Structure formats: structure tokens, C-alpha cells
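Worksheet: the structure to be examined is printed underneath.
The values are calculated or read from the model by the stated rules, or taken from the named source; none is laboratory data. Just so we're clear, the structure is a prediction, and the values are computed from it rather than from any experiment. Cβ placement follows ideal geometry from the backbone for every residue including glycine, while neighbour counts extend to all protein chains displayed. Just so you know, the surface numbers come from the protein's heavy atoms only, side chains and all, with ligands and any DNA or RNA stripped out. Shrake-Rupley method; radii C 1.70, N 1.55, O 1.52, S 1.80 Å.
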Amino acid sequence: MGAKPIFSRSSTLVVLPTLAGTLVLCLLAAFFGYGKLAAVLMFLFLLALAARLWAVLALRGLDVSAAPSAWGVFPGDTLTIPLRVHNGKFLPLVWAELFFPLSPQLCLVPEESREPDEREQSTLAEDGYSTQLVGERRLSFLLWYETVPLTIRWTARRRGVYSTAGWRVRTGDGFGLVQVEAPILQGGGWQLAVYPRLIKVRPELFLRNRWNSDTGARGVMEDPTVIRSTRDYQTTDSLKRINWRLAARCLPLTVNIYEDILPRGVHFLLDGESFSGPQPHPEELEDALSVLASLVVRLSALQVPCGLSLCRGSGGEAVNLFAAATEEMLFALAAYQVCPPKWDENGALLSQAPIFQEPALFEAARSVGRFYYILYDAARLDAKALPHRLGSSCTTLLTCLWDGKPAGEFETVPLEQLKEVGSNG
Amino acid sequence: MDNRSSLLPAAASLFATSCLQCTLVYLTTLNAYAPGPYYPLMLLPYSLVLFAANRLFLRRERTVLGLVLLNGGLSLAAFLSVVLVNPLPDWGSLLFAALFCLWLAARAGQLAWSPPTLFQLILSVDLCLAALALFTAYLAALELPVSWCAPIAAGCAASILGLIVYRSGSSLNLKSGLFLAAVFAGVFAMVWLLVGYLAAPAGEGLVTLWNWLVSAVLFLLGQLWRLLVFLTSLLPPAPAEELTLEPEQIQMPEQEETLTQANPVVLAAFLAILALAALVLAIRLALRLRRLRLAPHTHSVRISGTRAGRISLLAGLRRLLAGLWSRFVLRLTLWRNRNTAWGLYFLLVRRSAPTPWHKLRGETPREFLTRLREGAAGDQDLAQALDRLIPAVDLALFSPGGPEGELPQAPLIRRRLGRAMGLLTLRQLVSRLPGLRSRLAGENPGGPSPHSSSPA
């Protein structure tokens, strides 16, 4: 452990002013002839000093390493994180504790957890962790140079991103008077994602304009006017591909490799702020995220290029993902949370407009076949600027709430229609 | 933490509370009379009986009313035993005895249901240790034997034991118990050594120091007084008129004491109403408590890691000695090569490790030495010596078969660098003081870091 030890949850006796005071009182007692009192005070002083030194020495050479088995799971899954605790010194540790603060949404919960006491709750709240549960694993008597392998199973409860930056190893003296702690993972730890729950979806809506999208070449075509490269002829090659110009020059038979024309992809735009405001709809948002995640996974399996844009949320700036990996998009969906609520002067909740990174969107619009704008209620479309700027010809609205009336010239599809019959969120 | 491992901390916490109460009784009574053999010592076994009874009672599902009745009954029995076996001389002592019996019963009920928190255990330890010191001082002042400290000493031991078991999350076995006992014995031995052999000479030295200090202070005060007298002698004399004031004699009028006599009928009626209200309240409380149910204790299985990586004590000692030997060899090598370029470089890295100008992670040797050179810019000789050192270190570390000869400026660098960097740190601290002051007042200015290479 290279980090500086932090003293916490320790006895008042071991605090430096108390140590100094005890020593002074001991000397005064000895000076005024109270031998037995001086002996007791000296005992307390030495006990506290020994405890303090012991605690600092206990943390040295203590190494905890961890490597998760996966970086992303789905709700209901179990994630196994093997840990290795190594005492790299001769001094044995009477006790050690691995402390795992949890995210406020409790998206990932370890098998051993407890409720924090009142003092811990204030610290956890200040650091932005959950005050309902904390994860903990205790070890007793780590001998000289001993290594203890541990496996901690975490259960994914709901969508979210869990950061391991708050993981701590705590140890101290054998009397339990002093506790020192240090972070386990240097450099901010890692982030584990619980992706939105996958459900069965129908991707036909997204494959309408793609030739052979569901079979064969999956919509990818070759451009016969652009030769990318050539290679030697093989007996299985078609005669139509032979480069006859080179053959006419008595060179060995070669075949042409043409440039691929990739089909235009689909791009999803999630207007998360339409699900919040004076009347928030958190369950509908989770449902929409499940549908979106399921579509991304399904379309990626069909080799349809997908993109994703999320409006600005509580995490910071808006997100644009063009031709990104499926895991990256799922991570962005796992991490998305709506902006914190805002109130007006009268104390009423305000609706917040979604903020996208529009310049990047318009720049990438050429390679996007169609945009799919996801919002809660299509009747509120007039308040949304981005779909109008993108244009109704290349934008489809996917909405939770739809009364059947057309939303201007936009094609509107309810999210329920994208689910397969019998699929549960 | 499962219920099995919370048993000892809970029992220890309750026992420590009883020891504190016992000591409190001693504190309030020893100056007047010696307490009897039964009370307050009976509080110690009484607390353990309470704990055991509550634990056994809550093995099955019970109501809160049942728990209250059990603890109420036990505390009443304990109080009656005190009244009958060891009658107390005054009402105050009786009241405190009743309060202590009730307090322990309530605490036992609480601890049997929910384990103590870490904060409660730490508080218990702190209170016991503070009470030990306070009571020892009290006994010393009254010149009473130290054996009266036995209960509070037991309380200290119990509270520390409870804390150890809580922290480790499991019961102590023989090996761990022996280890802790050995550490305790070591601390006792140090105390005995200090008090038995060093206290007297230290005390004499302390007396001498004290006398010197007193003489020095008196001397200074004497000099100050002389200066004051001299300065006042320079002032012009005061005018001849003198005003004399006689203090007035003020007499307070005597207050007339009037006694009011209470009407006995009204008093009786008031007491009856109070008793009725108390009875109604008690019945309502009992009915409410009857509805609250307590689930029985369950023992959860605790999963622990495998302990395959343990080595024997001998192997551990061998590794420790190997580590110490390698450190010694390293130090010897560095000392032998202290005048070569590479040896001096590693010596500087080692020496600067605990200081603010230590080598940063990822910093190259050239960058590190350049930073030192900028910090030592005020000392021309040192700066020139470091200028010659930098290329020599590059050659020594990175060119194969580089020169191994001694640097003539190495002793100068070793001698002067620490002082130069210390002065630089002091200057940086002084320059950051205005920023620190304004930050305390609520602003956030930026300040230079110890690693910034600002020229001296």
C-alpha cells in the first residue's frame, strides 16, 4: 500500500493531543510523588503509542489486488470478483477489513453487506455513496507473508454504473484502538456496468430500407467501379472477377477485390428529459432504455451499424457514439441518469430541455440512414428542436405515450410495438 | 457480522458498563465509608446473568412486552437483593442502585437484540480507560489501596477484548490470544521498567529542570520590574492633592422568611391523579409492546477465504532476515559508491524520498536532477556541481560500459543539497501563506506545489 494511511474510527486515546496530555499528566504525577497514578498514566500512554505505531506498521506491505471476471452484466446476473490479500511483512495482522461502499442506486450489491451506522452514514452521504448498505469482508489473523485468495460475488440488481474508486482496506493494531485505511485500487479504480435489461424486440422497422439486411450479405454491397486490391486467382473464384487487363499482359491470373458499400446505419437519440420534469416517469424511462439496449444488441448481431446519442444528464455532457462497439453503447445506457431536478421561484418542478451535441450529429448525418428519436410523449414534439432540424424525412419518433394522432409529418411508432409479443421488461 | 461473533462484544460491552457503574459508586462513597462486599460488586455478575438470560429468552420469537417483563423482573430482584443483603445508608444511594440495575437491564435487552456498533465499543473502551486513570488519581489522593481499581481494570480488559473480537469478526483462538497476551505483557514490562528504574532519575531531572525554569522566570520578572521602576522614575511626580474615598457600608435588608404549608387533602388528590395517570400509561404501553414481536436469532453461515498461503514461523523469520540483509547490502553498496555518479544519484533519490522534493513517479533522472538544480540556484557552487552531475548520471545509467570513476563534486553535493532544498521549501511555504490565509477566509487561490521548479 503506497498511499498515506488515513486514521479513522479510532479511540480518542490514540489521538496526538490526548497522547501528549497523558504524557504530561504522567510526568506531573511522577513529579508530585503519585507513583501508582504515574504508572497507570504511563501504561495508557504506552498502550496508545504502541497501538498507533502498530497500526501504521500494519498497513505497510499490505497489498490487495483484484480483477473482475467481467466489466458489464445484466440485472439478475452474478459477477465474481477474485481478490488477493497479501501481507508482505513479518508483522502479522490481527484483523483486516475490505470495505466496499455501494452506489446510491444499489445497482451492484456484494454477498456480504450490512447497514452502516449513523456515523458512517454522514460520511457516505458526503462522498455520494449509498447510506442503506455497505459491503464488507473481514479477515482475521493474517500471518507473516501470508496470501489469502478471496472471491466475492456481486449481484446486479438494477441498471447503473458502479465505481470501485471507494474501495478501502482497513486494518489497525491488535487491540482495535486504531484503524488506518487506504484505497485498494490506485488511480480511481474501475467502473462496472449493469446494462439495461434485455427483452425480445422486433427489428423489422429498422431493416426496411436495407437490401438483404436479414440474410446473406446483410446489406453490404460491392462497388464494381472501385477496385480496392487484387489477389491471386483461386479455383473457387468467379470468372467475372478475373482482372483481364493483367491477364492480357501475360501476367498470372488475378482477381479483383472491390470496395464495399456499407449500408447506412441507424442512429438513436434518447430524449431522457422528456421522462422527467414535474411528472417524472422513471419506470417508463427504464423500459425505454431496455427496449433501446435490446435493439442495439439485436441490430448489432444483424450487422447493422448503430449509433447512439444521449442528451445531457447528471453525469455531465451529452454523449455521441458513432459506429461504436455494442459494449460502449450499453455502457452509455447503463450510466445515463436524468439531470437533477430544478425548481422555480414558487417551488414547482421545471421541465428541462434536452441538450444534445448537435454539431457532431449534423456532421455524421450523411452516414446515417435514419434517425430514431425516443421520447415519452409525441404530443410534446413541438417543444423539441432537434427532430425538426433533422427533418421528418429521415427521423422516426419512438414514443411511450401515443394517442394515435400523427405528430406533424413525423413517422411515429410506439415503443410497445417494438416489443415481441409476450416479452416482459 | 453474524450473531456468533457479536456475542462476545455485546457481553463485553455490558460487563464494561457494569464495571463503570461499580467504579462510579466507589468514587462517590469511598471518601465517606467503605462499601459493603455485596454492592456494588454484584453489578458485575448481575450484568452477565442479564445477558445470558436475554439471549436464552430471545432464542424463540417473543414480544417486546415479554422482554420488558423479563428485564424488569431481573432488575427488581437485583435491587431487592441489594436492599436485603447490603442495606444502603441513604436514599440517594438506593436511588442510584435502582437506576443502575434498571440501566443494565435495559442495555442487556438492547444488546441481546442488536449487536453493539463500533462507535459504542470504542466509547466503552475510552470511558473505561479514562475512568481507570481518574479513579487511580482519586485513590492516590485519598491514600487508599489500588485494589479498589480491580473492577475498572476488568472493565478495561473486557472492553478491549470486545473491540478486538468485533474488529476481527471472529472469535479469538489460542494462538491469537497468546499473541495479544504477549503484547500486553510487553507493555506492562515497559511500564515496570520505566516506573521502577527510570522514574526516580527522571523525576530528579525534572525537579532540576523545574528549578532552573523557575529561576529563569524570576530573573526575567526581576529585570522587567527594574525597567518599569526606571521608566516610572522618569515621569513627572503626581500632584499634591490626594482624594480619599471611604468605602460605604451597604447593608442588605434581611428577608422575612414565610413558610407556606401545603393542604394535605389537595396533595393526596394530586398524588392519586398522578398514580392513576401512570397506571393508565403503563397499561397502554404494555398493550403496545405486546403487539411488537421479536424474531428468534438466526445463525448465518460465514464464508471465509482459504488459508493455503500460510508459511511457518521459521520460514517467515528467514524471509524477514533476507529482507533485512538485502536492505543492509543495498545501503552498504550505496555508501561504497557514494562518490560515483550513479551512486550519488540513487543516494539523492533515497534521501529525498521522505521530503517534499522527492522523485516523482515517471520522472526521468535528468528531470529529477534538473529540478534539484533549479531549486539550488541560490548556491552557485552547488548549481555548478549539479550541472556536471546531470550528464554524468545519464552516461552512467544509460550508456553501456559508462565511466565508473568518482566525481570530485560528490561530497559538496551531499553536504549542501539538503540545506538548499530546505531553504527552498521554506521560501515556498512563506510565499503560499497569503494564499492559505485567503483560503481560510473563503477564497480558493492557487499556490505553487513543492514539486514546481521555481528558481530560488
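Of the residues making up segment A:9-45, those that are outside any helix (DSSP H, G or I) and crowded, with 16+ Cβ neighbours inside 10 Å are A:ARG9, A:SER10, A:SER11, A:TYR34.
Scanning segment A:181-203 for residues that are assigned to a strand (DSSP E or B) and either among the hydrophobic types (A, V, I, L, M, F, W, C) or surrounded by fewer than 16 Cβ atoms within 10 Å (Cβ to Cβ) (or both) gives A:ALA182, A:GLN191, A:LEU192, A:ALA193, A:VAL194, A:VAL201. Just so you know, in segment A:265-313 the residues that are polar (S, T, N, Q) and farther than 20 Å from A:GLU327 by Cα include one that is farthest from the chain's Cα centre (by Cα), and it is A:GLN279. Restricted to segment A:147-159, and to residues there that are assigned to a strand (DSSP E or B) and under 20 Å from A:ARG114 (Cβ atoms), the residue that is farthest from the other protein chains (Cβ to nearest Cβ) is A:ALA156. Among the residues of segment A:343-359, those that are outside any loop (DSSP other than H, G, I, E, B) and open to solvent by 50 Å² or more (accessible area, probe 1.4 Å) comprise A:TRP343, A:LEU349, A:PRO359. Taken together, B:PHE119, B:PHE135, B:PHE179 contain a single residue that is outside the structural domain of B:PRO40 (by TED's automatic domain parsing) and in a helix (DSSP H, G or I), which is B:PHE179. Please determine, by comparing only the residues of segment B:348-367 that are open to solvent by 80 Å² or more (accessible area, probe 1.4 Å) and part of a helix (DSSP H, G or I), which one is nearest to B:PRO391 (Cα to Cα). Looking at the filtered set, the residue picked out is B:ARG366. Note on segment A:203-226: residues that are modelled with pLDDT of 75 or more and out of contact with any strand residue (DSSP E or B) (no Cβ under 7 Å at 6 or more places or on another chain) total 4. Please verify whether A:SER229 is modelled with pLDDT under 90, over 30 Å from A:ARG202 (Cα atoms) and open to solvent by less than 70 Å² (accessible area, probe 1.4 Å), treating the condition exactly as stated. So A:SER229 fits the description; yes. All conditions in (1) part of a helix (DSSP H, G or I); (2) of a type outside the set (Val, Ile, Thr); (3) touching a residue at least 12 places away in the same chain (Cβ under 8 Å) hold for B:TRP325, with the sole exception of (3). Have a look at A:GLU111, A:GLU115, A:GLU120 and point out the one that is exposed (fewer than 15 other Cβ atoms within 10 Å of the Cβ) and free of Cβ contacts under 8 Å to residues at least 40 places away in the same chain. Answer to the check: A:GLU115.
Of all residues in segment B:53-97, which are hydroxyl-bearing (Ser, Thr, Tyr) and either within 37 Å of the chain's Cα centre (by Cα) or over 17 Å from B:TRP113 (Cα atoms) (or both)?
From segment B:53-97, those hydroxyl-bearing (Ser, Thr, Tyr) are B:63, B:75, B:81, B:93; that's our starting set.
Within segment B:53-97, B:SER75, B:SER81, B:SER93 qualify.
Within segment A:160-180, restricting attention to residues that are in a strand (DSSP E or B) and in contact with a Gly (Cβ under 8 Å, 6 or more places away or on another chain), the residue that is surrounded by the fewest Cβ atoms within 10 Å (Cβ to Cβ) is A:SER163. Only one of the numbered conditions (1) under 14 Å from B:ILE413 (Cβ atoms); (2) open to solvent by less than 60 Å² (accessible area, probe 1.4 Å); (3) at pLDDT below 90 is violated by B:TYR345, and that is (3). All conditions but one from (1) surrounded by fewer than 17 Cβ atoms within 10 Å (Cβ to Cβ); (2) away from chain A (no Cβ under 11 Å) apply to B:PHE100; the one that does not is (1).
Taking the criterion of being over 30 Å from the mean Cα position of the chain (by Cα), without any contact (Cβ under 8 Å) to a residue 24 or more places away in the chain and at negative phi, would at least one residue in segment A:318-340 satisfy it? Break it down into steps so the answer makes sense when it comes.
Looking only at segment A:318-340, we keep the residues that are over 30 Å from the mean Cα position of the chain (by Cα), and these are none.
Scanning segment A:318-340, I find no residue that is over 30 Å from the mean Cα position of the chain (by Cα), without any contact (Cβ under 8 Å) to a residue 24 or more places away in the chain and at negative phi, so the answer is no.
Would a scan of segment B:135-142 turn up a residue that is at positive phi and more than 8 Å from every other protein chain (Cβ to nearest Cβ)?
Pass one, segment B:135-142, residues at positive phi: none.
No, that holds for no residue.
I'd like to know if segment B:59-82 contains one or more residues that are under 19 Å from B:PRO151 (Cβ atoms), outside any helix (DSSP H, G or I) and at pLDDT below 90. There is no residue in segment B:59-82 that is under 19 Å from B:PRO151 (Cβ atoms), outside any helix (DSSP H, G or I) and at pLDDT below 90.
When A:TRP144, A:TRP190 are checked against the criterion of being among the aromatic types (Phe, Trp, Tyr), touching a strand residue (DSSP E or B) at 6+ places or on another chain (Cβ under 9 Å) and more than 14 Å from chain B (Cβ to nearest Cβ), A:TRP190 stands alone in meeting it. For segment B:103-115, the candidate set comprises residues that are touching a helix residue (DSSP H, G or I) at 6+ places or on another chain (Cβ under 7 Å) and under 20 Å from B:ILE152 (Cα atoms); within that set, the residue that is nearest to the other protein chains (Cβ to nearest Cβ) is B:ARG107. In segment A:20-50, the residue that is farthest from the other protein chains (Cβ to nearest Cβ) out of those that are under 55 Å from the mean Cα position of the chain (by Cα) and of a type in the set (Gly, Ala, Ser) is A:ALA20. Is it the case that segment A:55-66 has a residue that's among the acidic types (Asp, Glu), more than 13 Å from every other protein chain (Cβ to nearest Cβ), open to solvent by 20 Å² or more (accessible area, probe 1.4 Å) and out of contact with any Pro (no Cβ under 8 Å at 6 or more places or on another chain)? No, there is no match, as no residue in segment A:55-66 is among the acidic types (Asp, Glu), more than 13 Å from every other protein chain (Cβ to nearest Cβ), open to solvent by 20 Å² or more (accessible area, probe 1.4 Å) and out of contact with any Pro (no Cβ under 8 Å at 6 or more places or on another chain).
With the requirement that a residue be open to solvent by 30 Å² or more (accessible area, probe 1.4 Å) and in contact (Cβ under 8 Å) with a residue 40 or more places away in the chain, what does segment B:29-52 give you?
Narrowing segment B:29-52 to residues open to solvent by 30 Å² or more (accessible area, probe 1.4 Å): B:31-34, B:37-38, B:41, B:45, B:48-49, B:52.
Correct list: B:ASN31, B:TYR33, B:PRO37, B:TYR38, B:LEU41.
A Cβ distance below 6 Å, combined with a sequence gap of six or more or placement on separate chains, defines the contacts here; from segment B:161-184, residues that are within 22 Å of A:GLU136 (Cβ to Cβ) reach residues that are modelled with pLDDT under 70 in the pairs B:GLY169/B:MET1; B:GLY169/B:SER5; B:SER170/B:SER5.
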